[in-house]
Each structure stands twice: as structure tokens, then as C-alpha cells.
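The values are calculated or read from the model by the stated rules, or taken from the named source; none is laboratory data. Just so we're clear, the structure is a prediction, and the values are computed from it rather than from any experiment. Glycine gets a Cβ as well: all are built from the backbone with ideal geometry, and neighbour counts include every protein chain shown. Accessible surface areas use protein heavy atoms only, side chains included; no ligands, DNA or RNA. Shrake-Rupley method; radii C 1.70, N 1.55, O 1.52, S 1.80 Å.
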Amino acid sequence: MAAQRDAGRAGADGVTAAPAPPTELGVALGARSYPIAIGSGLLDDATRFAAAIRGRHALIVSNEVVAPLYLARLEATLRSAGDAALQGQKRGSPAGMKIDTLLLPDGEAHKTLASAARVFDALAAMKANRDATIVALGGGVIGDLAGFAAACWMRGIAFVQVPTTLLAMVDSSVGGKTAVDLPQGKNLVGAFHQPRAVIADTDTLATLPPRELRAGFAEVIKYGALGDADFFAWLERHADALLARETAALTMMIAHCCRQKAGIVARDETEQGERALLNLGHTFGHAIETAMGYGGLLHGEAVAVGMVLAATLSANLGRAPHADTQRLVGLLDRFGLPTTVPAGLDPDRLIGLMQLDKKNLSGSLRLILWRGIGKADIVPDVDLAAIRAVLAY
Ligand code: NAD
Ligand code: GLY
């Protein structure tokens, strides 16, 4: 297991010594390949940003919570990066890079077409052309939204992911899924549009509220649950260190998740097959988020509940041992994540919402189920009565 190899490099107990240089990974997609860097102090790495940004216009998209913490540093870095980039392009004065900022309100409820329109207005105001770059500074909401705007502006411009939540570092910043939500369903309007780089400064996790950190662990546990039983067991062993935000443990875990995701994305960028496995628990989770008006459970929390529902359904259908569901519930509990459907949600309404899920084909429900820890499958035509039974339980 790669996490074990990383652990070996980091120290005898696997988690005690942080590697000094950033972890460098990549997503291999031919001409659209891009680097992923994970480590301390990367927000100040002007050389790295210079290699990632294009053109004369950079728009930083962030929100009102993240900006007071990290915007000034990123702006200063981009200013130096812009100078370097323009000198490299031999395109006139080093001071010629125009950098603007758009701050959006915080939260999933603002991952909307209206917010995307605000990004377009900001790009128009700065007279950004097709060679402009959007820099997304924030969690998955900002990354998905800014990436979507980048996919649309003049039919596609460059963007750079600067994830500041655990969830965004391990999942949403990698792979090029961009989207906004509709009242009818989550991520229903979007595009596959890969970033030019993912630059994850792990120092930013120090300010992440505990509940948001825990929500990120749901997507981490997902990687173990869907295809990596060794990693699942590693998480069981290292939960205390991870919850205590020990840098070495977090860094090797983030790298392990990114490596797993990068491999899947390289093999199946547009989710014709294998990539759908990354949605374990998501069809249930998205329905719960939508039913709660994008304001009840956090995305990661809804995914945690969704994974338990998928595991329970798999066991009820005779596809997996009930004992593995219990082990999953145990690990989610350990990370302080919910494992039951919030009270008051009508199963039939949830099923109605699940029917708008992007994985469905020709109106039939296609779910990601499992055969136990580390073994997930795409299952078409899942029986509605069995789904209703787990939702109602
Ligand atoms: P989020 O972006 O809302 O961030 C969580 C909260 O933490 C917000 O209040 C944010 O302002 C705050 N925050 C961010 N960084 C911070 C920091 N360093 N310090 C203090 N506060 C900080 O939520 P999220 O969990 O990062 O992302 C969830 C979104 O990601 C959902 O919309 C989900 O659909 C999407 N997602 C996308 C993909 C993908 O492949 N594109 C994958 C998984 C999830
Ligand atoms: N988070 C699911 C995916 O990127 O495919």
C-alpha cells in the first residue's frame, strides 16, 4: 500500500516526521496533464504559481471566510508569480499582470448559477480574454464553482485549484469535475474541465473548523471503502493522529488519496466506468443534501450517511457481509461522522431526488454498492423496494 510506503519514509512509527519537501504527484492526461503539490508553505511558492498561471489576467475566486485568512498571501505570491510568468513569456512589463479578486458568500447554498454569473461579471470587468486564469482559493464549493466558471468563460480558460479544506485536498480539487447545484439537485449543471495545477498548502488545515475537518475524513474513508482495504485498516490504526492534525500523518494520507484519485481519473476522465466508484455513498448523500436545502448536513457528512446506506443495502441484497457495514460505521463514528439518515426526511422524496442522479441511465437507478471493505461495484437497476427499506430504517 502506498500509504505504508510513505509511512516508511516518514519515520519508524509511520507518522512522526513530516517530509520537508512537498509531495509531488500528477494527473496523467496527455497534453492536459497537471501537477499536484501537497505540503507546507506552498501558498508562498511564486515559482510554482508562475508555472501554473497563463495570460495577463488572473482572477482569484474565494469566499468571505477564507479570504481574511489567506487571500493577502496568495495575492502577494501571484504578483511575484505574474512578474515571473510575464518575463518568461517575454510579453512586456513585468508589472503587467492584472490580478483581481472576487469574494462570494460562504457555503453550499451559494454554489449556484447566480454565483457563477458573478464570476463572469468579474472576468468581463477585468476584460479577461481566453488566456486568463482563474485561481480558486477555498474548499470544494469554491473549487467546483470557480472551475465551472473557468470551463464556461469564452468556452474554457485555465484555472488553478488552491484547496484549503481537507475534503478539497483529498478529492474535489483533483479530477476536473466542476459544477453548480440547482434546487432540483446537486451538481446538475457542470463540466469536466481539468485545472492547470493543484497546489495544496497543508498549513491551511490548521484553521479549518473541527466539523469541517471531520467532514473531509468521509471522502478519505471512501477511498478505503471503495477499493483499498489496506488503507481502510491504516485509517483505523491512525485515527487519533489524524484527528489531532499531525502533519506527517495528514500529508501522507492526502497524498495517498490524491494518488488513488489521479490514477482513476487518468484511466476514466469522463466517468464512463471506473470513476463512478468514487461516488460510493454519493447518490444517497446528494439526495439528502438536496432534500435539506443544502443547509443541513455538510457534504462529507451526507456522504458518510450515504456510504452506510450503500453498505447496508449491499448486505441486505446478499452482496456483502453485515460485519463490514459495522466496521464502516465504527470508523465513521471514530471520526465523529453521522451514520443515520436525519429525522424527518421522507424516503420517497429521497428516492425521487436519487432518480435525477447523473449515474442513472434510461431512468433506472444505478448505484455504487460494495462486496465489503475495498470492493465496490457499479450496480444497475437496483430494486426500489430494497432502497426504500434502507432509507426508512
Ligand atoms: P466548503 O467549500 O463549503 O468548505 C467548508 C467550510 O470551510 C466553508 O465554510 C469554508 O469557507 C471554510 N473553509 C475553507 N477553508 C478553510 C480554512 N483553511 N480555514 C477555515 N475555514 C475554511 O466545503 P468542502 O467540504 O470543502 O467542499 C464541499 C463541496 O465539494 C461540495 O459542493 C461537493 O459537492 C464538492 N465536491 C466536489 C468534488 C469534485 O470532484 N469536484 C468531490 C467532492 C466534493
Ligand atoms: N468525487 C467524485 C469524482 O471526482 O469523480
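Between the stretch 119-163 and the stretch 322-393, the C-alpha centres lie 33 angstrom from each other. Database remark: amide H of VAL27 closer than 5 angstrom to the amide H of TYR34, ILE36 (H placed geometrically; neighbours at sequence offset of 5 or more, or on other chains; Pro and chain starts carry no H). A Förster radius of 22 Å combined with the Cβ-Cβ distance from ARG349 to HIS322 puts the calculated FRET efficiency at roughly 0.20.
Calculated mean residue ellipticity at 222 nm for the chain: -14500 deg cm²/dmol, from DSSP H runs with n ≥ 4 weighted as -39500 (n - 2.57), summed, divided by the residue count and rounded to 500. Axis of helix 247-267 versus longest Cα principal axis of the chain: the two differ by about 80°, to the nearest ten degrees. Computed from Cα atoms, the angle from the helix 282-291 axis to the main principal axis of the chain rounds to 80 degrees.
Working out 0.36 nm times the residue gap between LEU188 and GLU64, then minus their Cα-Cα distance, what length gain in nm do you get to one decimal? Please report the intermediate quantities before stating the final value.
Values: separation 124, 0.36 × 124 = 44.64 nm, distance 2.49 nm.
This chain segment gains 42.1 nm when fully extended.
For GLY185, no residue 5 or more places off, or on another chain, has a built amide H under 5 Å of its own. When only Cα pairs below 8 angstrom with a gap of at least 6 residues are kept, the chain shows a relative contact order of 16 percent. For the stretch 154-296, the orientation-averaged shadow of the C-alpha convex hull comes to 9.3 nm² (one quarter of the hull surface). Listed by chain and number, the lysines whose alpha-carbon sits under 25 Å from that of LYS186, ignoring those within fewer than 8 places in the same chain, are LYS111, LYS177, LYS222, LYS261, LYS358, LYS359.
Derived scalar couplings between HN and Hα for the stretch 104-109 equal 9, x, 7, x, 4, 4 Hz in order, rounded to whole Hz, by the Karplus curve 6.51 cos²θ - 1.76 cosθ + 1.60 (θ = phi - 60°), x for Gly and Pro. Here the spin labels are modelled as points 7 Å beyond Cα on the Cα-Cβ line, and at LEU113 and ALA76 they lie 4.1 nm apart. Pair-distance distribution of the chain: all C-alpha pairs, bin width 10 Å, starting at 0; shares per bin in whole percent are 5, 24, 33, 24, 11, 2, 0.
Computed over the stretch 337-393, the alpha-carbon pair-distance distribution with 5 angstrom bins reads 4, 16, 24, 25, 20, 10, 1, each value a whole percent.
Volume of the convex hull of the stretch 154-223 (Cα atoms only), normalised per residue: 118 Å³.
Taking 0.36 nm per intervening residue step and subtracting the Cα-Cα distance, what contour gain separates ASP383 from GLN272 on full extension? Write out the running numbers ahead of the final one.
On the way: separation 111, 0.36 × 111 = 39.96 nm, distance 2.25 nm.
This chain segment gains 37.7 nm when fully extended.
Between THR340 and GLU24, the modelled label-to-label distance comes to 5.0 nm, taking each label 7 Å out from Cα in the direction of the beta carbon.
Accessible surface for the stretch 132-286, divided over its residues, is 26 Å² per residue with a 1.4 Å probe.
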